[in-house]
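Visitor: Got a structure for you, written out below as structure tokens; questions coming shortly.
We did not get these values from a lab; they are worked out from the coordinates using the rules stated. Just so we're clear, the structure is a prediction, and the values are computed from it rather than from any experiment. Note that each Cβ is placed from the backbone with ideal geometry, even for glycine, and that neighbours are counted across all protein chains shown.
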Amino acid sequence: MVEDEPLVRNVYVSKLESYVQQAQKVLSVYEANNCEKAYFYISKSVTPFDLVILDLRIPASSQYNLFNGIDVGNLLLKQYSETPLIVATANYSWWHLHRIFAELNPKGCLVKSSIKAWEIDRAIAAVVTGGNYYCQSTTAYLNKNPLKELGMDKTDLKMLNELNQGSTNKEMRASLLLSKRAIEYRKKRLKEKLGVLDQSNRALILKAKSMGII
């Protein structure tokens, strides 16, 4: 389990212990509250994990080049590719969920701001036994593709994320492999697709956020 909030971690432990008792299984629980400790458990493990509950906002470790839960998840899956993974996230924008599923493809996904105790029970029981469990917000993401509906592609989505992070045109040219002219054209087209009348980048970012795209 990788979670930096003690109260949340205690809830997960309680739910795991309850599942173990009901299912009459033997399960050892390891707790990590930051990227460095997660690295320790993953690197020292000689057998695959039965289940990993992973929070995405955890203290980074520059020493091991791990800066968030997605980095930890990628490290975990590189070593044990079939690890049953439940991701807990506070951010459920389309872009963020898109990245989670593109990189980690978790068997379970919970949104921390609306999580219910019974959902944790169901997620654990489903994922440990080889199934999936996705909360309502995640299911909405899986059933809907706003990119297709709006006529956007992955480059458009990446550009919006770059703008949201404050990247300069020069930085975007390097990361998107586009010319300055192509970037300006795409920004203009994005504003048309999202119905943004203001020509500023800020207006485009605010509109994308209000639609849950980033």
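Visitor: State which entries of Lys37/Lys148; Lys116/Lys193; Lys15/Lys107; Lys15/Lys37; Lys116/Lys209; Lys25/Lys116 exceed 28 angstrom in Cα-Cα distance in the structure shown. Numbers along the way, then the final one.
Guide: On the way: Lys37/Lys148 40 Å; Lys116/Lys193 36 Å; Lys15/Lys107 17 Å; Lys15/Lys37 22 Å; Lys116/Lys209 25 Å; Lys25/Lys116 24 Å.
Checking Cα-Cα distances, Lys37/Lys148; Lys116/Lys193 exceed 28 Å.
Visitor: For region 63-68, what does the Karplus curve 6.51 cos²θ - 1.76 cosθ + 1.60, with θ = phi - 60°, yield as ³J(HN,Hα) per residue in whole Hz, taken in order and with x for Gly and Pro?
Guide: Rounded to whole hertz, the list is 4, 9, 6, 10, 10, 6.
Visitor: Using only the C-alpha atoms of the chain, find the volume of their convex hull and express it per residue in Å³.
Guide: On the way: hull volume 27.9 nm³, N = 214.
About 130 Å³ per residue, rounded to a whole number.
Visitor: Relative to the first principal axis of the alpha-carbon coordinates of the chain, what is the inclination of helix 69-79, with its axis defined by its Cα atoms, in degrees from 0 to 90 and to the nearest 10?
Guide: Long axis of 69-79 versus the principal axis of the chain: about 60 degrees.
Visitor: Another question, if that's okay. Which of Ala125, Ala140, Ala90 moves the most in a Gaussian network model of the chain with Cα springs under 10 Å?
Guide: Ranking Ala125, Ala140, Ala90 by mean-square fluctuation puts Ala140 first.
Visitor: Looking at region 1-103, which GluC sites (Glu not before Pro) are in a loop (DSSP not H, G, I, E or B) and have at most 12 other Cβ atoms within 10 Å? Write out the running numbers ahead of the final one.
Guide: On the way: sites: Glu3, Glu17, Glu31, Glu36, Glu82, Glu103; in loops: Glu3, Glu31, Glu82.
Within region 1-103, the qualifying GluC sites (Glu not before Pro) (loop, at most 12 other Cβ atoms within 10 Å) are Glu82.
Visitor: Based solely on C-alpha atoms, express the radius of gyration and the Dmax of region 146-210 in angstrom.
Guide: Rg, Dmax (Cα atoms, Å): 10.9, 30.
Visitor: Helix 180-194 sits at what angle to the longest principal axis of the chain, using alpha carbons and giving 0 to 90 degrees rounded to 10?
Guide: With rounding to tens, the tilt is 80 degrees.
Visitor: If each residue's Cβ is checked for other Cβ atoms within 10 Å, how do Tyr185, Tyr92, Tyr19 rank with the fewest at the top?
Guide: On the way: Tyr185 12, Tyr92 21, Tyr19 17.
Lowest to highest Cβ neighbour count: Tyr185, Tyr19, Tyr92.
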